[in-house]
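Shown next, in structure tokens, is the structure this report addresses.
The values are calculated or read from the model by the stated rules, or taken from the named source; none is laboratory data. Predicted, not measured: the structure shown is a model, and the values here were computed from it. Note that we place each Cβ from the backbone using ideal geometry, even for glycine, and neighbour counts take in every protein chain shown.
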Amino acid sequence: MSVSPPAWSKADLVPQKDEEQRLRELGYQPVLARRMGGFGNFAISFSVISILSGCMTLYGFGMGTGGPSVMLWGWAGVGLFVLCVGMALAEVTSAYPTSGALYYMADRLGGRKWGWYTGWLNLLGLLGAIAGIDYGAALFTGAFLNLQFGFDPTPGWTMVIFMCILLLHATLNLFGVRLVSVLNSISVWWHLAGVAVIVGALAIVPDSHQSPSFVFTEFVNETGWENPIYVAAIGLLLAQYTFSGYDASAHLSEETSNASVSAARGIVRAIWVSWIAGFVLLAGLTFAIQDYAGTRESATGVPPAQILIDALGTSGATALLLLVIVAQLFCGNAEVAAASRMVFAFSRDNALPGSALWQRVSSRTQTPVPAVWLSVVVACLLAVPSLYSTTAYGAVTAINVIGITPAYAIPIYLKLRAGNRFEHGPWTLGRWSKPIGWIAVIWVAVVTVLFCLPQSNPVTVDSMNYAVIALAIVLILATVWWYVARSAYSTPQAYGNAREQSEISEGIV
């Protein structure tokens, strides 16, 4: 008896259009170099998710907001819901494989204002991600230098390291998408091998480990809030922050061969591979904790570094920290690539101040050079408050989550509302499209509210969650700029596009 393949694997059976012609049908003249293959496209989203960046950087946050039980079970639950978001987004990406990605999808399916606000949210999230990733790499680099050379990682020196990392990533991105693709492909194996080495060392070397009961049931609340459900909900930030940035596959679609299929697959594969490997990493770290309180108050400023020191000694910890830092550098480099393509695409449609500059592409490398520099400069500015506030880094990571996560849901929601007007690409969920889509939209609505809430009690100037303020400022600026630039902003008319058929009024937003 023959068994039909799942709906989302049927893309293999559909003859593929020439991607350059498809891009022209969507209204854009190809100007970027299409030099990235399917693995490279998967690799950029996997590198941006970067379990060795997100899990390690926010591990200390997770230790106080629910502890081991929330970190482990939260990872499992959040990963499942994010996989639904990723599959639903992949389906829309298959229909609209452009660098603009989310905002272009929203524009086509809902109208100009939907596209406008989606674009600004997506841009906020991407730039916040660069700041969060590279500042986290700076923190780990400071911890490494402290172990190796006795270096004191003050906030000022951490900012200097952060700026050097941004400069490195800008420079690497200027060499073209082929180098970015090669680095991302290396990054995949570096991450997987890194998890295997770290977990293997933590499983074999220490004389003692925490019990399974501790790892999977211990609840720790250092937030000041009394309600355990609230604390557990806030603790989901570790997983949700890590599971972000997979829209990178969509943003690089104009530089990917067979993008209508490869970009969609890249999103989904990046999520499920990260889901499995991340759970293994978190379990390995938590089993190896020797002193919970001492780990949280580590002099290195990085709790996972203290876990490695206690379990493996200073020399072993130093070696593995270097492994993590390299993974974080891969992650930040991939995020700069994704963010710069978003800046390029948004400017191409005249949505940003100075769009004529940011949309320029190098004739030599076919890379949007000004967009790369703008991305790293804004990311640097977002991290400046970390000089003055110990809670600012948590705010930057929350900015990433509440900026980019709603942007994922908008095109999914508009696809659901468009119904039969939505023209599927070659990668489709088939009969599962609607249920998975609605699960994705509801999940995004829930986590967006969660991460606007205060993370510690009492709420003071230092402990306030400034992410909601950043979100409000961006929405206000987007609204003001809409009235300045609305006559210039426009995505090109696509042949037979859903927006022409849509009965949705622009006045809804």
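It is to be established whether one or more residues within the range 419-441 are outside any loop (DSSP other than H, G, I, E, B), within 24 Å of A263 (Cα to Cα), under 17 Å from the mean Cα position of the chain (by Cα) and not polar (S, T, N, Q).
Yes: one or more hits.
Specify the residue that is farthest from V199 (Cα to Cα); the eligible residues are those in the range 232-288 that are within 15 Å of the chain's Cα centre (by Cα) and among the hydroxyl-bearing types (S, T, Y).
Once the filter is applied, the top-ranked residue is S249.
Residues of the range 334-349 being among the charged types (D, E, K, R), in contact with a Ser or Thr (Cβ under 7 Å, 6 or more places away or on another chain) and not in a loop (DSSP other than H, G, I, E, B), which ones?
Scanning the range 334-349 gives a single hit, R341.
Considering only the range 300-333, state which residues are of a type in the set (S, T, Y) and either at pLDDT 90 or above or assigned to a helix (DSSP H, G or I) (or both).
Listed by number, the residues that qualify are T314, S315, T318.
Please work out which residue is surrounded by the fewest Cβ atoms within 10 Å (Cβ to Cβ), limiting yourself to the range 236-252 and to residues that are at pLDDT 85 or above and among the aromatic types (F, W, Y).
Here the answer is F243.
Could you grab me the full set of residues in the range 402-418 that are of a type in the set (G, A, S) and either at pLDDT 95 or above or within 20 Å of the chain's Cα centre (by Cα) (or both)?
G403, A407, A409
Give me a count of the residues in the range 244-265 that are in contact with a helix residue (DSSP H, G or I) (Cβ under 6 Å, 6 or more places away or on another chain) and assigned to a helix (DSSP H, G or I).
12
(1) among the hydrophobic types (A, V, I, L, M, F, W, C); (2) outside any helix (DSSP H, G or I); (3) in contact with a Lys or Arg (Cβ under 9 Å, 6 or more places away or on another chain): which one isn't true of L352, the others all being true?
In the conditions (1) among the hydrophobic types (A, V, I, L, M, F, W, C); (2) outside any helix (DSSP H, G or I); (3) in contact with a Lys or Arg (Cβ under 9 Å, 6 or more places away or on another chain), L352 misses (3) alone.
Residue check: is G194 in contact (Cβ under 8 Å) with a residue 24 or more places away in the chain and crowded, with 24+ Cβ neighbours inside 10 Å?
no
With respect to the numbered conditions (1) in contact (Cβ under 8 Å) with a residue 40 or more places away in the chain; (2) out of contact with any Ser or Thr (no Cβ under 9 Å at 6 or more places or on another chain), which one is the sole condition not fulfilled by D462?
That leaves (2) as the condition not met.
Which members of the range 266-299 meet the condition of being of a type in the set (S, T, N, Q), part of a loop (DSSP other than H, G, I, E, B) and touching a Pro at 6+ places or on another chain (Cβ under 8 Å)?
Q290 - this is the single residue of the range 266-299 that is of a type in the set (S, T, N, Q), part of a loop (DSSP other than H, G, I, E, B) and touching a Pro at 6+ places or on another chain (Cβ under 8 Å).
Of the residues G74, G40, G54, G79, which single one is within 30 Å of R431 (Cα to Cα), part of a helix (DSSP H, G or I) and either β-branched (V, I, T) or under 14 Å from the mean Cα position of the chain (by Cα) (or both)?
G79
Considering every residue within the range 99-106, establish whether at least one is surrounded by fewer than 24 Cβ atoms within 10 Å (Cβ to Cβ), in contact (Cβ under 8 Å) with a residue 24 or more places away in the chain and in a helix (DSSP H, G or I).
no
Going by the structure shown, is A371 without any contact (Cβ under 8 Å) to a residue 40 or more places away in the chain, closer than 25 Å to A478 by Cβ and in a helix (DSSP H, G or I)?
In short, yes.
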